[in-house]
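Take a look at the structure set out below.
The values are calculated or read from the model by the stated rules, or taken from the named source; none is laboratory data. Please read these numbers as outputs of a predicted model, since none were measured by experiment. As a convention, Cβ positions derive from the backbone with ideal geometry for all residues, glycine included, and neighbour counts pool all protein chains shown. Each accessible area value is taken on the protein alone, full model and side chains, heavy atoms only, with ligands, DNA and RNA left out. Shrake-Rupley method; radii C 1.70, N 1.55, O 1.52, S 1.80 Å.
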Amino acid sequence: MELNDKTIIITGASSGIGAAAALLFASEGANVVLGARRETQLNMLVGQITKSNGRAVCLAGDVNDEAYAKDLVDLAEKQFGGLDGAFNNAGILGDMGPIPEMNSDNWQSVLSTNLTSAFFAAKAQLPAMEKRGGGAIVFTGTFVGYSNGGMPGMGAYAASKAGLIGFVQSLAADHAAQGIRINTILPGGTNTDMAGDDPATHELIAGLHPLKRMAEPREIAQSALFLLSDRASFITGSPVAVDGGMATRLL
């Protein structure tokens, strides 16, 4: 098993990529500590995992709250004895539109949820992993933060995710000597709540990808699994495209 007996925090775990990761990681032997705002969905997911003989606990909260990041680490240490990895996946798109028409509350909300929360997570998780003698962290970015390709109305989202790439590269350089690997995945369009439910929009998004389809959440979760596993032992500081070929079209 790829993550046998490793304890992994997953944020944004109540749906989409995070929920897919929770099920996948647990099936690969991980103890999963699940975080998201929606407590009912988290409890249902924990029940699904434990029914399949997996090991899971959850704690509802908001990644914009610095104390919540520490609470998730404390839960991992209390329940499973330590922390080996994290998939910091929570994020929002925010309201799209031209910057002159964007209100500052939207800008701050997107930057806080997508970037400042990464600072909170790293600040809480890294000391716990140092105590274990190493670990791995994966953050969810997006191809939009790497090569926007002229997509309109995504200034706040692109800024937050571009900042995340730089933040992760700095973290990776700072903590490599402690045996902690830190990477970012850059998904393309994925069939999650963030993508909405309009078939015409889905068709448009799918058509932008050279593979001419959107990803399923489990496909993105598989990339995070790889980066958290020992198979990725020489990968750190990397923005890893999982984008159906978008990078080849945009660069």
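What the table below lists for this structure:
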quantity: Residue-span extension gain [K123 to E39] - 0.36 nm each, minus C-alpha spacing; calculated: 27.8 nm
quantity: Inter-label distance for Q48 and A173, nm, one decimal - labels placed 7 Å from Cα along Cα-to-Cβ; calculated: 4.0 nm
quantity: Prolate/oblate/rounded label for the range 91-133 (Cα gyration tensor, a/c 1.5); calculated: prolate
quantity: Residues of type lysines that K123 reaches as a straight line, Cα spacing below 19 Å, ignoring anything fewer than 8 places off in the same chain; calculated: K70, K78, K131, K161
quantity: Student exercise, the range 7-240 dipole from Lys, Arg, Asp, Glu Cβ charges, in Debye to nearest 20; calculated: 620 debye
quantity: For the chain, alpha-carbon Rg over 2.2 N^0.38 Å; calculated: 0.96
quantity: Over the range 124-182: Kirkwood hydrodynamic radius from C-alpha pairwise inverse distances, Å; calculated: 12.6 Å
quantity: Accessible surface, the chain, averaged per residue in Å² (probe 1.4 Å); calculated: 45 Å²
quantity: FRET efficiency estimate (nearest 0.05) - Cβ-Cβ, E77 to T201, R0 45 angstrom; calculated: 0.60
quantity: Whether the range 29-84 is rounded, prolate or oblate, judged on the alpha carbon gyration tensor where a/c under 1.5 counts as rounded; calculated: oblate
